[in-house]
Structures are given as C-alpha cells and as structure tokens.
Amino acid sequence: MNVLLVGGGGREHAIAHKLSQSPSLDHLYVAPGNGGTARLPKCENVVIEAGQIDALVAFARKHIIDLTVVGPEAPLVAGIVDAFQAAGLRIFGPTRAAAQLEGSKAFSKQFMQRWNIPTGRAAIFDDFDAAMRYMRTLDQVPVVKASGLAAGKGVIVPSTIEAAANAVRAMLLDQRFGEAGATVLIEEKLRGPEVSVLAFCDGRRCTIMPTAQDHKRLLDGDRGPNTGGMGAFSPSALVTPELLQEIERTVLQPTLDGMAAEGVPYVGVLYAGLMLTAQGPRVLEFNCRLGDPETQVLLPLLESDLIELLNACIDGALDRVQPIWRKEAAVTVVMASEGYPDEYRSGLEIFGVDDAEATGCTVYHAGTRLKDGRLLTSGGRVLAVTATAPTVEQAAKRAYSGVQRIRFAGAQYRRDIGVALPPRTQTRPSRKPASRPRPTR
Ligand code: AMP
Ligand code: GLY
C-alpha cells in the first residue's frame, strides 16, 4: 500500500513511525513531514503544506495513493476529506460537516445540548450588546470561548467579570481572533482535573484508546502560559474502568449516534477533552483528530496494525477488528525552543538524539529539519521524547534519562511530566448516568 500522511509535527512523526511498522506498507509520503519523518524507513517527505488541499489531491492521484491519513485539524475543518472522496480517493478522517465538532464550538455545544451530552452550560452570541446583557445576569465569572479554530488560543479563563467582558469585547468588537471570534460562547466555569479520551470511530461504533493526560502550561506545577502541550502520559490514574464506561455510554456513543441521526456520520478519531467535576465528567471540547502530544504516548502502546484499524473505520467495519493495546504506561516530554510559546529562534543544531534512543526512548520530531546531514531546530516545540514502562513513574524516569542526553541551545522542558498534580476538586467516579445539563439559550 502507498500511504500519504498529511502534517509535519510530533503527532505526525508518531503516526508515521507506527505506519512504517505495518506489514502492508510499501511507501509512505509525508506532506510536509519533518526531520524525523525524513529518516524513517520506506518514508519520504513531500514539499506540500497540509493546507494545500488541491495539491494533495493531485499528488495522491499521481502517486496512486491507496490511503491518506490526516494529522491536523485545519485541513479536516476545511474539507480535505470531502475533496479526496469527491476525487474517488480513500482517506481517514471526518468530513467537513463532521469536523465541525471541533471547527465550531457553537455547533459542538448546540449538538451536545440536543443530545443531552454532559457539558458546561453555555450561551452563544454574535452580538456584543446581547452578550453583555447576558453577562450581567451571571452570578459567577464565566469562561469565554471563540467559536472557531484559534490554534489553542481561543479559550479565555478570566478571574473577574471585567476580564470576561474584555475577552468578549476583544472577540466580538475588536475582532482580535478574526473570523474564529465572530461567534463566542460564554460558558459556566467548571472545576476538576482534565483527561483526554480518544476513540477510533467508524460512523456508528467506536473503540476507545487508553486514557491520557496532557500538560498544557509551560512551567512545572502547571504554571505559566498555555502552550500546544509540554508533555503527556497514559494511562490516567483518575479514570477507573467504571468511569471510562460511563464516558463511553454518556459521551462517545451518544455523539456517534447523534451525528449519524443528523446525517453526518463521524468517521475518524474523536477526541473528548473532559473535566472530571464533582458532578461527573463534562465535555470541555471535542477535537476531530489525534492529539499532540497525546499521540506520542498512545500509538507506542498500540500493538495492532494501524493501517488495518484505519481501514476498518473507513469501511464502517470496526466490529471486525479488536485493537490490542500494551498494558503499559507511556510518558512523553516535549523539548521546546527558548522563548516558546512566544518568539523563538530556529536553525540551532540538535545533538544527542541517537544517544537518547540508545537508552530505549523514542524521539519524535516536532519542529526539526535536516540540512546537509545536520539536525536543526525549526519550530517552537522541537522534540517529544517518549518512553514506555510498566508504570507512569518508571516511564517518566526513562523519558527523562533520554531528555538529558539531548542538547540544543536554550532547550526548555518541564521536569514534572507524568507527575499527577493534585486535583483541584475531589472527583467522584460515579456509576450513575451524568445528570442532564440544564437547558441553555
Ligand atoms: P478547550 O480548548 O476548550 O479545551 O479549552 C482549553 C482549556 O481551557 C481547557 O483545557 C481547560 O483548562 C480550560 N477550560 C475550557 N472550558 C472550561 C470550562 N468550562 N471551565 C473551566 N475551564 C475550562
Ligand atoms: N493536546 C491537545 C490537543 O491536541 O488539542
């Protein structure tokens, strides 16, 4: 099989790494790929950006691609799956209409309200004055969200009502978030630890991956600014088997049922970002693809063939494959450029990746490129160093022994990935179905 993978970050290196182990793979093209995918066996980078949908369709036709896999959300939300399907090409991921679960937080919230999927109460506005009138009725400071894709920057968790009003003004009046902020959600602030539950979906059924937690803040102890993710671990000790069943029964399956009933069956990876509140799990957001850096801990635990699994999803035949996951833990530590998540320098030489891999770690490249045989930094997040072991604690130890062998000028990383932080609220792993969310406007 010839496979085309779209994207060029750490998630895509991890997907490429797993695809390259598939017995049915002949050749893998990655568009645009990075310095890590360039070095994988049977793998070749292609100079096409993930957003160039027409060029990707033309490439897939010309190179007789049997399967295309999409890493990032932007091309999915822009309709890459529809474009490939219209050209008669096989592709894994949700259609543009289905990808609205991530692409439009307004769509997603209203969908959850229609199908009683547990989520925070919210109201949706595109008119500033109406939003302000609503804000005055609240007795608690809300969370403000831009509805559209905002590269992880569209959620503001203010501490005062004035700051919340400023966030709404920045979105609706000052257009500081562009089109993404033309519609806003004003949402009830929830409390509790966060977990990610991802599932492969075939339009009707899903098969859940091991649970994961990511660390979004830049600094140890969950301090500092939000980032794309500084590390992740799997499994999450916060999710008991009973709680996972509850999440499947109250969140994932109703989402698949609802989407199918609305004529938009969901095929692809569905990622539920959940908060475990004292009242039970609540959906904070849906993503329409694998997480970054969650993929760097999840795919190393997948024993089964990924190509077979993706094909079963596309064929609506998940009942015929039972993916096998290693009963192990995995930790990934992101090494980032100095200055990230703001301005950073690129082109710095990276040393020690082979030494780190010699310790048993897998080093996934996020922002790297090869130039004249030298490996250089080329992004904010540069590498994700993953290790597996029987427990999260042991996996973290191994990952850090790999990290310590890698050097580039200004490298920054967190020292506490895989260390569960004390939950802000005691969670209750309940067996009861989560309560019906209160109706919203
Ligand atoms: P999202 O992109 O929707 O996952 O939001 C980004 C982050 O904002 C989440 O990981 C949470 O930490 C926080 N967040 C989102 N929604 C809420 C909420 N309703 N209450 C409290 N925190 C939230
Ligand atoms: N790790 C969060 C995300 O992929 O959106």
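The values are calculated or read from the model by the stated rules, or taken from the named source; none is laboratory data. Just so it is clear, the model here is predicted, and its values are computed rather than measured. Every residue, glycine as well, gets a Cβ built from its backbone with ideal geometry; the counts of neighbours run over all protein chains shown. To get the accessible areas, we keep the full protein, side chains included, count just its heavy atoms, and leave off ligands, DNA and RNA. Shrake-Rupley method; radii C 1.70, N 1.55, O 1.52, S 1.80 Å.
Here are the numbers:
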read-out	value
Residues (in a strand (DSSP E or B), among the charged types (D, E, K, R) and out of contact with any helix residue (DSSP H, G or I) (no Cβ under 8 Å at 6 or more places or on another chain)) located in the range 188-218	194, 214, 217
Matching residues, the range 249-285, being touching a strand residue (DSSP E or B) at 6+ places or on another chain (Cβ under 6 Å) and of a type in the set (D, E, K, R)	282, 285
Top-ranked residue in the range 89-120 [being under 18 Å from residue 154 (Cα atoms) and part of a loop (DSSP other than H, G, I, E, B); ranked as farthest from ligand 1 (Cβ to nearest atom)]	99
Boolean, residue 281 is in contact with a helix residue (DSSP H, G or I) (Cβ under 7 Å, 6 or more places away or on another chain) and in a loop (DSSP other than H, G, I, E, B)	no
Residue 228 vs. criteria within 16 Å of ligand 1 (Cβ to nearest atom), under 17 Å from the mean Cα position of the chain (by Cα), closer than 27 Å to residue 341 by Cα and open to solvent by 30 Å² or more (accessible area, probe 1.4 Å)	yes
Members of the range 80-90 found to be open to solvent by 10 Å² or more (accessible area, probe 1.4 Å) and touching a residue at least 24 places away in the same chain (Cβ under 8 Å), listed by number	83, 87, 89, 90
Which listed residue is open to solvent by less than 50 Å² (accessible area, probe 1.4 Å), of a type in the set (Gly, Ala, Ser), within 14 Å of ligand 1 (Cβ to nearest atom) and under 26 Å from residue 419 (Cβ atoms), from 221, 273	273
Subset of the range 1-18 [part of a helix (DSSP H, G or I) and touching a helix residue (DSSP H, G or I) at 6+ places or on another chain (Cβ under 6 Å)]	10, 11, 13, 14, 16, 18
Conditions (1) more than 16 Å from ligand 2 (Cβ to nearest atom); (2) within 22 Å of residue 119 (Cβ to Cβ): number failed by residue 194	(1)
Condition met for residue 360 (over 23 Å from the mean Cα position of the chain (by Cα), of a type outside the set (A, V, I, L, M), in a loop (DSSP other than H, G, I, E, B) and more than 21 Å from residue 228 (Cβ to Cβ))	yes
Output for the range 219-246, where each listed residue is of a type in the set (Ser, Thr, Tyr) and assigned to a loop (DSSP other than H, G, I, E, B)	227, 236, 240
Out of 373, 339, sole residue that is over 22 Å from residue 325 (Cβ atoms) and touching a residue at least 40 places away in the same chain (Cβ under 8 Å)	339
Every residue from the range 197-217 that is open to solvent by 20 Å² or more (accessible area, probe 1.4 Å) and either within 14 Å of ligand 2 (Cβ to nearest atom) or more than 25 Å from residue 319 (Cβ to Cβ) (or both)	213, 214, 216, 217
Residue count for the range 152-176, restricted to those that are within 16 Å of ligand 2 (Cβ to nearest atom) and either over 26 Å from the mean Cα position of the chain (by Cα) or open to solvent by less than 90 Å² (accessible area, probe 1.4 Å) (or both)	3
Residues within the range 287-346 that are among the aromatic types (Phe, Trp, Tyr) and more than 16 Å from ligand 2 (Cβ to nearest atom), tallied	2
Any hit, the range 240-256, residues being on the phi > 0 side of the Ramachandran plot, more than 13 Å from ligand 1 (Cβ to nearest atom) and open to solvent by less than 40 Å² (accessible area, probe 1.4 Å)	no
Criterion violated by residue 376 - all others in (1) in a loop (DSSP other than H, G, I, E, B); (2) modelled with pLDDT of 95 or more; (3) within 30 Å of residue 46 (Cβ to Cβ) satisfied	(1)
Residue match in the range 33-52 (condition: open to solvent by 10 Å² or more (accessible area, probe 1.4 Å), touching a Pro at 6+ places or on another chain (Cβ under 9 Å) and not in a loop (DSSP other than H, G, I, E, B))	yes
